[in-house]
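Okay, so here's the structure we're looking at.
The values are calculated or read from the model by the stated rules, or taken from the named source; none is laboratory data. What you see is a predicted model; the values in this text were computed from it and never measured. In this analysis, Cβ positions are derived from the backbone assuming ideal geometry, glycine residues included, and neighbour counts consider all displayed protein chains. These accessible areas exclude ligands, DNA and RNA; they are computed on the full protein's heavy atoms, side chains included. Shrake-Rupley method; radii C 1.70, N 1.55, O 1.52, S 1.80 Å.
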Amino acid sequence: MIASPLVPVPIPDRVAALIGSCMPLGILQAEFDAECAAREVRRFQAPLCTEDQADREHALAALARANKVLGAYNPRLLLRPGGPGR
C-alpha cells in the first residue's frame, strides 16, 4: 500500500539527523529558511493592512530565495507558500 502524499508521516529524530548528515549545510539552511518562510506566509489571513502585506511579501521573497537553492539541489524539495507543511 502506498502512503498518501497528503498525509504527513512523522520521522524519528535519529532518522532525520541521518538524512541531514548526508546533505550539504547550505541545503539544510535553505530547507530551514523555506519552512520558516512558508509558515510565516500561512500566518497572514485576508484582509491585510499595509504592514501585514509588506511582511507577507517579505516572507514570500525569502521563500522564493530558499526554493531557488532547494530547486537547484533537488526539485522535489520545493515548498509552496499555501500548501500543507511537511
Once both label points are put 7 Å beyond Cα along the C-beta direction, the Glu35-Leu78 separation in nm becomes 2.1 nm
Rounded to whole angstroms and listed largest first, the alpha-carbon spread of region 26-76 along its three principal axes comes to 36, 16, 13
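Considering only protein heavy atoms and a 1.4 Å probe, what is the carbon-and-sulfur percentage of the accessible area of the chain? It would help to have the intermediate numbers written out before the result.
Details: 4160 of 6720 Å².
Using a 1.4 Å probe with all protein chains present, the chain comes out at 62 percent carbon and sulfur.
So what is the accessible area of the chain per residue, in Å², with the probe set to 1.4 Å? Walk me through the numbers on the way to the answer.
Working: 6720 Å² over 86 residues.
With the other protein chains kept in place, the chain gives 78 Å² per residue.
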quick shape note, the chain: Cα extents on principal axes in Å, largest first -> 43, 31, 21
